[in-house]
Amino acid sequence: MLARREVKEQDGVHTVSTGSDVLLGILKQQGVELIFGYPGGAVLPLYDAVYRQAFNNILVRHEQGAVHAAEGYAKATGKTGVVFVTSGPGATNAVTGIADAMLDSIPLIVFTGQVGCDSIGKDAFQEVDILSMTAPITKQNYQIHELDNFPKIIEEAFKIAASGRPGPVVIDLPKDIASSLPDDFGDEKLVISEEHSVQRTRNVDESMMLKISEALLKAKKPLILAGGGVLAANAVSELRKFVHRFDLPVISTLVSLGVMPDKDFLFLGMGGMHGSYQANMAFYECDFLLNIGSRFDDRLATNAAKFAPHAHVAHIDIDASELGKVISTDFPVVADAKDALSWFLSNTEQMPKGEHVQWLQQLNDWRKKHPKHYEEQEGKIKPQAVIEEVGKLTNGDATIVTDVGQHQMWVAQYYPFKRSHQIITSGGLGTMGFGLPAAIGAKLAAPEKEVVLFVGDGGIQMTVEELDVIREYKLNIKIIILNNKTLGMVRQWQDLFYEKRRSQTVFNGQPDFIKLAQAYSIKGLKLSPQHWRETLADVFAEKESVLVEAEIPALEQVYPMIAPGQPNQAMMGVD
Amino acid sequence: MHEIIICKMKNRVGVLNRFTGLLTRRNINIESASINSTPDNKAVVAKFKIQVAKAHEREHLKRVIAKQIDVLSVQWDDCKNDLEFEHAIVK
């Protein structure tokens, strides 16, 4: 006779029969509405529960796609994304996505199937040590060996994934645990030591914050760097109020685009390797830099030793290990961005505006003298123009998903972002193949939003199988392939730094992307150089997915560019 | 400069792997180590002797170790008490 236990839910009573049912019950309690996954032998019990409970599983076509889709979902909503994959290759296929989530601080729970407890360590079929593999790329990981602590671990995992600096958590679930027939998990409440089990957050260090306020407002050339931490903390509103109170210019990172509206006169654009002229010059010239929630990565601070050489640096980050990691910090504060910005708003009301009118004038002069620009070419479709046109067609309000490479940088430069959680891109790991599944996750997260995927001809081929998910779920995603028939960014580096030796970066043939789309029952259109704007307008009038191929000049470069190791002011491609 | 890290961690599978991975990633060799569980068996106290060349790398490593979920407390010591430390291992 099966042992059974009833678990009361908010909207009724659900009968639990296996560990997998308990898992799904906890997911529901955590507010999980859908998961991204792919079944396999070790997760048969789990998917049996999914079937019986009609749990909303988005069936991807590859496990890497599952994790990227969950990332897209999490980035679009701020919620924790959930993934189910099987053991062995299912788990290893998920590793790239897990690493991507770790570097971009995305909250995920990835359940990996595992062989039964008795088979672990015996080289069983589809057995890998996923705990060891994922230790460096997760915030935490677990293997469930006892039913008793199963619910507690899952609840703890959700807390860890979303608290402090968010990140991925892996839970390895042996098949026998998933299929076990629990009698009782006990009624003890979840008890997690806040001090020990989640990343510690502290109260804002008021004395340091006061010092920052005074120094910032005394500065002649103040500058704010607003990173992904501002988005993660949902502190965009506070940031905008604060910088407008004191007319403080703001630079974003790649992943925080949208933290300020593109048109805002205080917004200097993205900084770093392909950032705007005025942003990079501002880094060089500023005398006080306040970094809120950015980790000074090497694509932003391209030469750490020469970064912001004239500035006192204040750095506010929820992760203490980021303070001083790359750039020496005069004013370090461990704090959530929302807490810190709220403190500024509450405690600077009486403070006078700083005297930095000349600085603002200088920034504006730079902006006017060296605007972003590209050359039109007769009979050619320029990628920057396509992105600008999409910006107009979507009123700058679409959720923009990118893959990785040149198109990603052009999107960062030319799409007029204006809201938070608007760009979904692989910033830290730079994962080609991220875009298509991430767009699926973003669309499922907010079906009412227009979702546009910009992708290169290289990246689309890395996870192209996920087109079938778009077909199956009838998602309306506009997919724009900017096709230069090369691995453009690598080719650009080869041209600039390897004397044009284009080793393995030029494709000697490609699939017919339009036919490929049609094979998945998705409408495909190729833009013509003569009528591409009209065609794009038609595409955005469609209520279903369209794959658009724009053949762009193969040798188009992304400029400005800072050569690796050069300081921010040493920009190439600036008139 | 030699350092001794005394790290109290949760007593659970994989905790040491995660900890030593932080050192491996930074190409830091563990020159000696001792690990014991606390009397209540809920935690382990691990002592590692390592060498970190640069001061700012040491500071960063301290913070990275401290933020690990399973790390309950961490102390750093220079090697002035090195002899006593090794002696304790013999005991």
Taking the Cα centre of each part, how many Å lie between region A:472-507 and region A:52-73? 27 Å
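Pull out the extension gain between residue A:544 and residue A:284, defined as 0.36 nm times the separation in residues minus the alpha carbon to alpha carbon distance; nm, one decimal.
Working: separation 260, 0.36 × 260 = 93.60 nm, distance 4.62 nm.
The span from residue A:544 to residue A:284 would gain 89.0 nm if fully extended.
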For q = 0.15, 0.28, 0.32 Å⁻¹, Debye-computed log10 I/I(0) when each Cα of region A:218-269 counts as one equal scatterer: -0.35, -1.16, -1.41
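Of all DSSP beta bridges in chain A, what percent run antiparallel (nearest 5)?
Details: 8 of 70 bridges.
If I count the DSSP bridges inside chain A, around 10 percent turn out antiparallel.
Kindly put A:36, A:540, A:513 in sequence by how many other C-beta atoms sit within 10 Å of each C-beta, fewest to most.
Working: A:36 31, A:540 17, A:513 21.
Taking fewest neighbouring Cβ atoms as first place, the list is A:540, A:513, A:36.
Could you list, in their original order, any pairs among A:218/A:306; A:159/B:49; A:218/B:62; A:79/A:220; A:152/B:42; A:139/A:175 whose Cα atoms are separated by more than 28 Å?
Values: A:218/A:306 23 Å; A:159/B:49 33 Å; A:218/B:62 34 Å; A:79/A:220 40 Å; A:152/B:42 17 Å; A:139/A:175 24 Å.
A:159/B:49; A:218/B:62; A:79/A:220, as the Cα separations exceed 28 Å there.
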Excluding residue A:436 itself, what net charge comes from residues whose Cβ is under 13 Å from its Cβ, given Lys and Arg +1 and Asp and Glu -1? -2
In sequence order, calculated HN-Hα J values of region A:425-440 (Karplus, 6.51, -1.76, 1.60; Hz; x Gly/Pro): 8, 8, x, x, 7, x, 8, 4, x, 5, x, 4, x, 5, 5, 4
Sequence of A:95, A:411, B:45 once ranked by neighbouring C-beta atoms within 10 Å, starting from the fewest: B:45, A:95, A:411
Please give the residues of region A:230-270, grouped as numeric ranges, whose backbone N is less than 19 Å from a label point set 7 Å along the Cα-to-Cβ vector of residue A:358. A:247-249
Percent of all alpha-carbon pairs of region B:2-90 at distances over 15 Å, whole number, is 57 percent
In this structure, the FRET efficiency calculated for residue A:51 and residue A:518 from their beta-carbon separation, with R0 = 35 Å, to the nearest 0.05, is 0.65
Need the C-alpha centroid separation for region A:324-374 versus region A:282-296, integer Å. 7 Å
With a 10 Å cut-off between alpha carbons and a GNM built on chain B, which of B:50, B:69, B:35 moves the most? B:69
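Within the set of other residues whose C-beta is less than 12 Å from the C-beta of residue A:412, count the net charge using Lys and Arg as +1 and Asp and Glu as -1.
Working: positive: A:299, A:372; negative: A:262.
Net local charge, residue A:412 excluded: +1.
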Filter A:392/A:474; A:325/B:47; A:211/A:338 down to the pairs with a C-alpha to C-alpha distance above 22 Å, please. A:392/A:474; A:325/B:47
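For A:489, B:1, A:351, what's the fewest-to-most ordering of other Cβ within 10 Å of each Cβ?
Working: A:489 22, B:1 11, A:351 14.
Neighbour counts put them in this order, fewest first: B:1, A:351, A:489.
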Per residue of region A:529-540, in order, report the coupling 6.51 cos²θ - 1.76 cosθ + 1.60 (Karplus, θ = phi - 60°) as ³J(HN,Hα) in whole Hz, putting x for Gly and Pro. x, 7, 10, 5, 5, 5, 4, 4, 4, 4, 4, 7
Relative counts (whole %) of C-alpha pair distances in region A:5-197, using bins that are 10 Å wide: 10, 40, 39, 12, 0
Assuming R0 = 30 Å, can you tell me the calculated FRET efficiency for the pair residue A:124 and residue B:37, based on Cβ-Cβ distance, to the nearest 0.05? 0.50
Rounded to the nearest 0.05, what FRET efficiency is calculated for residue A:526 and residue A:207 with R0 set to 45 Å and r the Cβ-Cβ distance? 0.15
Report the label-to-label distance for residue A:419 and residue A:508 in nanometres (one decimal), using points 7 Å from each Cα along the Cα→Cβ vector. 4.8 nm
In nm, to one decimal, how far is the residue A:145 label point from the residue A:575 one, both placed 7 Å along Cα→Cβ? 6.7 nm
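Mind checking the full-extension length gain between residue A:501 and residue A:304? Use 0.36 nm per residue of separation minus the Cα-Cα distance, one decimal, nm. Kindly include the intermediate steps, with their values, before the conclusion.
Values: separation 197, 0.36 × 197 = 70.92 nm, distance 2.91 nm.
In short, 68.0 nm is gained.
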Run the numbers on region A:461-575 and let me know its relative contact order in percent, using alpha-carbon pairs under 8 Å that are six or more apart. 32 percent
Relative contact order of chain A, pairs being alpha-carbon contacts under 8 Å that are 6 or more residues apart, as %: 14 percent
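Could you tell me what fraction of 2.2 N^0.38 Å the Cα radius of gyration of region A:267-382 comes to, as a two-decimal ratio? Don't skip to the answer; put the middle values down first.
Values: Rg = 17.0 Å, N = 116, 2.2 N^0.38 = 13.4 Å.
Normalised Cα radius of gyration, region A:267-382: 1.27.
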What whole-number distance in Å separates the alpha-carbon centres of region A:113-140 and region B:54-72? 27 Å
Per residue, what volume in Å³ does the Cα convex hull of region A:383-552 take up? 115 Å³
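At 222 nm, what helix-only mean residue ellipticity would chain A give, in deg cm²/dmol to the nearest 500, using -39500 (n - 2.57) for each DSSP H run of four or more?
Numbers: 21 runs with 205 residues, N = 575.
Rounded to the nearest 500, the figure is -10500 deg cm²/dmol.
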Restricted to Cα positions, what overall size does chain A have along the principal axes? Three whole-Å values, descending. 81, 61, 43
Surrounding net charge for residue B:26, when Lys and Arg each add one and Asp and Glu each subtract one, Cβ distance under 11 Å: +2
Length gained, residue B:30-residue B:78, 0.36 nm per residue minus C-alpha separation, equals 15.8 nm
Residue A:247 label point, 7 Å along Cα→Cβ, cut-off 16 Å on backbone N: hits in region A:322-365? A:351-365
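Here, each number is a calculation from the coordinates, and none is a lab measurement. The structure displayed is predicted, hence computed values, not measured ones. Every residue, glycine as well, gets a Cβ built from its backbone with ideal geometry; the counts of neighbours run over all protein chains shown.
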